[in-house]
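Everything below concerns the one structure shown next.
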Amino acid sequence: MGVVRQLRQISADNAGIDIAFRSDVHAGLAQRQKAIPARWFYDATGSALFEDITALPEYYPTRSETGLLRRHAAAMATAIGPGRAVVELGSGSSTKTPLLLAAIEPAAYVPVDISGDFLRDSALALAARFPGLPVYPVEADFTQRVALPREICPLPKLGFFPGSTIGNMVARTAIDLLRNWREALGDESLLLIGIDRIKDIGTLERAYDDPAGVTAAFNLNLLERINRELGGTIPVENFSHRAIWDDVHARIEMHLVAACDMDFTVDGQRYHMAKGETIHSENSHKYGPRDANLLLRAGGWTPLATWDDADPAFALILAAA
Ligand code: AVI
């Protein structure tokens, strides 16, 4: 009971999320290169599939980042100090977040996630594991401006943005997000952010097109979600998953590829796709050390320390407001 009393739910605007999904899908399907923002992957099914991805042998980012947190926890704790409210952008995985929380003696934990069910479960698990820690889950889209719980206002904050999720945004959007969170977290804040590095194409493409087909199911679930939530008639079985490295933009692109000419409707609106045409569903940008630091500086953060893994290359960067 003690644990449950410490959980707070900031009211979720489900109607708003629904309207935004609908308008992103229609706008994206009307474009010449059809494209739907990657944030819509994460309904309950998509979040569960993403957790499965993180356990795949080919998907190195989670393992690398967890290894960095394990190996460098003491150095990170010294650099961060105790007594901060940890605000995590995207709900914590069952392994990564506890490693950080156990190392740094936080004053509160605020997971922010768009997927309410997933957020509730992971917040409950975290609160059970750290019984003295106040946990304030916020069901919200962290790419938008988010009101933080009143209770953490007086505390210095640590933004925790693991998993290289920043890579899912194009640079301009990433910089806007970093600036928004710089403002929301305040002058005394720190940011600990996971950044995936550029590496050999084979390693990258295998990480996003695994032989077990979990990433394919994750990608295709976006179409299932459109059918489920927006009354779509998309013939999902006529699509396949593609993940390719784009050297110009230094990113993995995921696409949903039409296997034949087809017509379908979403919300009663008709769409046509020709055989071979794609819906661009995700970018996953990778950054060299210099580019990562430039991105952070452009977003209003000063890099203080970097902990990185060489093979496969991945980095955790601590930055100050
Ligand atoms: C959440 N994000 C950092 C993942 C990535 O690596 O870009 C999403 C993902 N997409 C396919 N596999 C994993």
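Throughout, read-outs are computed from the coordinates displayed, never taken from laboratory work. None of the values given here were measured: they were computed from a predicted structure. With ideal geometry, Cβ positions are generated from the backbone for all residues, glycine too; neighbour counts draw on all protein chains shown.
Other residues lying with their Cβ under 14 Å from the Cβ of Gln33 contribute a combined charge of -1, Lys and Arg counting +1, Asp and Glu -1. Within the same chain, lysines fewer than 8 places from Lys275 are excluded, and of the rest, those with a Cα less than 27 Å from its Cα are Lys34. Taking Lys and Arg as +1 and Asp and Glu as -1, the other residues whose beta-carbon sits under 11 Å from that of Ala171 total 0. Between Met254, Met273, Met76, the residue with the greatest mean-square fluctuation in the GNM of the chain (Cα pairs under 10 Å linked by springs) is Met273.
From the Cα gyration tensor of segment 179-244, with a ≥ b ≥ c the square roots of its eigenvalues, which class applies: rounded if a/c is under 1.5, or else prolate if a/b is larger than b/c, or else oblate? Because a/c hits 1.5 or more and a/b fails to exceed b/c, segment 179-244 counts as oblate. Pull up the DSSP beta bridges for the chain and report the antiparallel fraction as a percent, rounded to 5. About 65 percent, rounded to the nearest 5. Residues considered: Pro61, Pro106, Pro149. Largest GNM mean-square fluctuation over the chain, using C-alpha springs under 10 Å, is found at Pro149.
Straight Cα distances below 21 angstrom link Lys96 to the lysines Lys157, Lys286, with same-chain residues fewer than 8 positions distant left out. Other residues whose C-beta falls under 13 angstrom from the C-beta of Ser47 contribute a net charge of -4, scoring Lys and Arg +1 and Asp and Glu -1. A simple charge model with +1 on the Cβ of Lys and Arg, -1 on the Cβ of Asp and Glu and nothing else charged puts the dipole of segment 109-237 at about 340 debye relative to its Cα centre. The alpha-carbon of Lys199 sits under 19 angstrom from the alpha-carbons of these aspartates and glutamates, leaving out residues fewer than 8 places away in its chain: Glu58, Glu65, Asp209, Asp210, Asp246, Asp247, Glu253, Glu282, Asp291, Asp308, Asp309, Asp311.
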